[in-house]
Structure formats: structure tokens, C-alpha cells
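**Student:** So that we are looking at the same thing, I have put the structure below in C-alpha cells.
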Amino acid sequence: MLLKGQLHIHTTFSDGKLTPQDAADIYAGLGFDFIAITDHDHLLKSNYRKAIESVKTDLIVFYGIELTVFEKGYVHVNRIEGEKEILHVFNHPGEYGLSRKQVLERIHSVAKRYPLDVVEVTDHGFHTPEFDIPEIKYPKLASDDSHNSIGCGRAWIELDCKKNKDSIIRAIRRGDFWNCYERGLKKEKIKGVLTTNQFIL
């Protein structure tokens, strides 16, 4: 089953402008099948998990949290929960003002503390090709990192698997997905592992 998903969304439970229900409604309207709400750990408001579980939607809604990891400064790692599986994403390497060499060092260090599965290659929904490189030995993931309605639907993943949380996480971990980017009226679709497989839909 072909599924369309978004794995990086912020809401009013940290620094976003949308409630969890607003975010689900917007992404449902954009034709998504699953989303992960991933608010910041250090800004998190109470009843966060309950708010996510209370969202009324046909979408699969993952509970996630964006962890602040202190490693020669700080980086962010999304921890996204399935039923049994957990996905760890090294977030937006282009945001830290680091060289590629420094990013590789941070990824290596963080992987000793968290079982990293994938690395984002977007900055608020825009592709950062300088980090979409073979030296980063993880599947590369596109996401919105949305904080408001304008930021929704710029970058996402598509994958062919069963429609349940753990199947989705396992497919992502294997790199069995495509990164998709909105480019005006066109969508660009790039295989998660090998970005040489790209075509316009």
C-alpha cells in the first residue's frame, strides 16, 4: 500500500502555531496517510501525549519528541514511537552552522548514545544537498519541520508497506522510501538511500 507521510511537526505544545488537531486536519487535507508530532523536549507543555492520543483523524498519528542532545554544542534527534518499534532521526544538519566534517563527527558521536536510524536532509522542508552525501551512512529523510500552516507539505516521504506504525518504521529504517519535494506545481521524488534515482511525477 502506497503511503504518504510527514515525520517532523511542531505544535502549540512547544513552539508551533498549530494545535495537534489543526496539524492533523491540514495534513489530511494534503492527502497524507501518517504524521509524527515531534515537539521540543525543553519546551514541552503538560498533557502532550494525551493531546496527541486525543486527535480525531483517519491518519496514523505517531507520538514523537524532538530531543536536544548536547554534543559539542547541541543537535536535535527525533524519537518517534510505534507500537513496539522506535525510530531515531538525526535532524536538520544544515541548521547548526557546521561543516560537513563536523556534522559527520556529531552524527558519529550521537550514534553512540542513540540508535540512529535515518538522517534528515532538509531544512524546514527545503532540500540540503550538501548533507545528502554517501559519507553519511544512513538513509536520508525529507521532512517539513513545520511550525505553522505555511510550512506544511513542502517535503515528505512515500513508501509501500502495510498501514500500521511498526511496518512504517521498519520500512524507513531499511531506507525503503522515497523523499518527495514540492517544486511549484511539480513533485520531485528521490529514493531514500540512493538519490541518483530521481524523477518528476
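The values are calculated or read from the model by the stated rules, or taken from the named source; none is laboratory data. On a predicted model such as this, the values are computed, not experimentally measured, just so you know. Here the Cβ positions follow ideal geometry from the backbone for every residue, glycine too, while neighbour counts run over all protein chains shown.
**Student:** Out of all the residues in region 189-201, which are over 30 Å from LYS17 (Cα atoms) and either in a strand (DSSP E or B) or modelled with pLDDT of 95 or more (or both)?
**Tutor:** LYS191, GLN198, PHE199, ILE200
**Student:** For region 145-177, enumerate the residues that are free of Cβ contacts under 8 Å to residues at least 60 places away in the same chain, within 17 Å of ASP117 (Cβ to Cβ) and either of a type in the set (A, V, I, L, M) or touching a Leu at 6+ places or on another chain (Cβ under 7 Å) (or both).
**Tutor:** ALA171, ASP176, PHE177
**Student:** Quick check on LYS72: is it surrounded by fewer than 20 Cβ atoms within 10 Å (Cβ to Cβ), more than 24 Å from ILE107 (Cα to Cα) and either over 18 Å from the mean Cα position of the chain (by Cα) or among the small types (Gly, Ala, Ser) (or both)?
**Tutor:** Answer is no for this residue.
**Student:** Testing LEU98 on (1) surrounded by fewer than 20 Cβ atoms within 10 Å (Cβ to Cβ); (2) of a type in the set (A, V, I, L, M); (3) under 17 Å from the mean Cα position of the chain (by Cα), one condition comes back false. Which one is that?
**Tutor:** (3)
**Student:** Still on this structure: Hey, ARG49 hits all of (1) surrounded by 17 or more Cβ atoms within 10 Å (Cβ to Cβ); (2) assigned to a helix (DSSP H, G or I) but one; which does it fall short on?
**Tutor:** So ARG49 meets the others, but not (1).
**Student:** Continuing with the same structure: For region 1-17, how many residues meet the condition of being under 17 Å from the mean Cα position of the chain (by Cα) and not in a strand (DSSP E or B)?
**Tutor:** Count: 5.
This table checks each residue for (1) at pLDDT below 95; (2) surrounded by fewer than 20 Cβ atoms within 10 Å (Cβ to Cβ); (3) among the basic types (Lys, Arg); (4) within 13 Å of the chain's Cα centre (by Cα).
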| residue | (1), (2), (3), (4) |
| --- | --- |
| ALA111 | no, yes, no, no |
| TYR114 | no, yes, no, no |
| GLU120 | no, no, no, yes |
| GLU135 | no, yes, no, no |
| PRO139 | no, no, no, yes |
| SER149 | no, yes, no, no |
| ARG154 | no, no, yes, yes |
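**Student:** Quick one: HIS88 ticks every box in (1) touching a residue at least 40 places away in the same chain (Cβ under 8 Å); (2) part of a strand (DSSP E or B) bar one, so which box is it?
**Tutor:** Exception for HIS88: condition (1).
**Student:** While we're looking at this one, here's another question. Can you name the condition, by its number, that ILE60 falls short on among (1) within 16 Å of the chain's Cα centre (by Cα); (2) over 16 Å from ASP25 (Cα atoms)?
**Tutor:** Status for ILE60: all satisfied but (2).
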